[in-house]
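Quick note: the coordinates plus some simple rules give every number you see, no bench work behind them. Computed from a predicted structure; not experimentally measured. Note that each Cβ is placed from the backbone with ideal geometry, even for glycine, and that neighbours are counted across all protein chains shown.
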Amino acid sequence: MGAPPTTDFSPFPKPAQQPAPARGLDAIAARGTGNVGRLQEVPAEVLQERSQSALAVLREAVDAGPAAFSTSLGAEDMVLLDLIRSHGLDIAIFTLDTGRLHEETYRVLQRAEARYGRCIEVRMPDPQAVRALVAAQGINGFYESVAQRQACCVVRKLQPLKQALAGRRAWVTGQRAAQSVTRAGLLPREPQGPGEPEKFNPLHDWSEAEVWAYLRAHDVPWNELHERFFPSIGCAPCTRPVTLGEDIRAGRWWWESAQTRECGLHAPPSAAPAQRPVAAQAAEPPSQPLHQTP
Ligand code: SF4
């Protein structure tokens with residue numbers, strides 16, 4: 001049986017114009033997956049200390065719970081999945097299937113289920129809301145304006161996220177400060193607005209090298225797209241590979257300015273209305289008509 005067909009909605013240059021693809025962790029270690037170039041070796045004692053530090057934040061989340069962990073199945077989130085499952089922490093785990101994910105992401109979900117059991121709840125968007133969105137702005141309307149892109153993220157991500165976090169008091173994320181300008185200054189704990197769960201970021205001060213050192217040391221599965229210059233993986237039509245020297249999240253919504261490249265899941269309270277924190281944002285329909293161009 002041949003390889004499954006791939007879906008490519010991206011106007012970004014095709015793989016032939018990218019650096020030659022390489023497979024495996026050696027390839028990642030040799031060149032990094034984003035702006036770090038060759039990944040540095042991480043001494044075992046440093047990795048141990050970093051793991052204990054992340055575990056301490058996870059235990060704070062348990063104490064503040066009920067706690068939930070939203071995983072994108074990216075490298076950072078696989079570290080957290082391994083820490084949560086291997087230490088038996090009382091944290092519910094879920095992922096958002098937007099309906100527009102890469103096939104590789106479903107494959108790593110399958111591998112995670114094989115390794116850790118079927119512990120990851122898969123949340124999907126409301127079919128009626130998706131139908132209304134597509135009717136209003138077309139199947140790929142997110143390319144046409146920031147407002148339309150944010151409207152798609154609201155329907156496919158933020159509203160399911162809000163439902164998944166209902167009743168939770170602690171929300172564990174795999175964010176790292178070094179990932180992008182929008183995440184600089186990230187703290188291990190981030191109180192949110194009234195009625196919203198406090199955010200816990202156990203890997204807030206981890207480096208990309210430390211993430212990969214952990215995955216290697218614990219033989220944790222990862223998304224094979226990371227081996228093809230995808231350091232940050234979201235929906236297939238909204239994620240492209242990056243080149244060396246680019247910001248790790250430069251491949252997310254790359255047609256927009258760096259300041260708008262968040263889906264609203266992790267936007268600061270001061271952000272524009274469509275990027276407000278999830279509970280406030282997903283509770284209401286987009287403030288602009290879906291077809292409006294800003
Ligand atoms: S990342 Fe793209 S496809 Fe996914 S929800 Fe946001 S706009 Fe829609």
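Some notes on this structure:
- Residue match in segment 135-151 (condition: near the ligand (Cβ under 9 Å from one of its atoms), under 17 Å from the mean Cα position of the chain (by Cα) and touching a residue at least 40 places away in the same chain (Cβ under 8 Å)): yes
- Conditions (1) over 17 Å from Ala112 (Cβ atoms); (2) touching a Ser or Thr at 6+ places or on another chain (Cβ under 7 Å); (3) surrounded by 22 or more Cβ atoms within 10 Å (Cβ to Cβ); number of the one not met by His204: (2)
- Cβ-Cβ contacts under 9 Å between residues 6 or more apart (or on different chains), taken from a first residue in segment 160-176 that is without any contact (Cβ under 8 Å) to a residue 60 or more places away in the chain and buried (at least 23 other Cβ atoms within 10 Å of the Cβ) to a second residue that is in a loop (DSSP other than H, G, I, E, B) and of a type in the set (Lys, Arg), are absent.
- Selection count where residues are touching a residue at least 40 places away in the same chain (Cβ under 8 Å), part of a loop (DSSP other than H, G, I, E, B) and not hydrophobic (A, V, I, L, M, F, W, C), scope segment 73-128: 5
- Test: residue in segment 167-183 that is among the β-branched types (Val, Ile, Thr), over 17 Å from the mean Cα position of the chain (by Cα), within 16 Å of the ligand (Cβ to nearest atom) and in a helix (DSSP H, G or I): no
- Residue in segment 79-99 that is in contact with a helix residue (DSSP H, G or I) (Cβ under 6 Å, 6 or more places away or on another chain) and hydroxyl-bearing (Ser, Thr, Tyr) present: yes
- Inclusion of Val122 among residues that are closer than 20 Å to Ala236 by Cβ and away from the ligand (no atom under 12 Å from the Cβ) is warranted.
- Residue satisfying all of: in segment 193-230; farther than 12 Å from Met78 by Cβ and within 16 Å of the ligand (Cβ to nearest atom); nearest to the chain's Cα centre (by Cα) among these: Phe230
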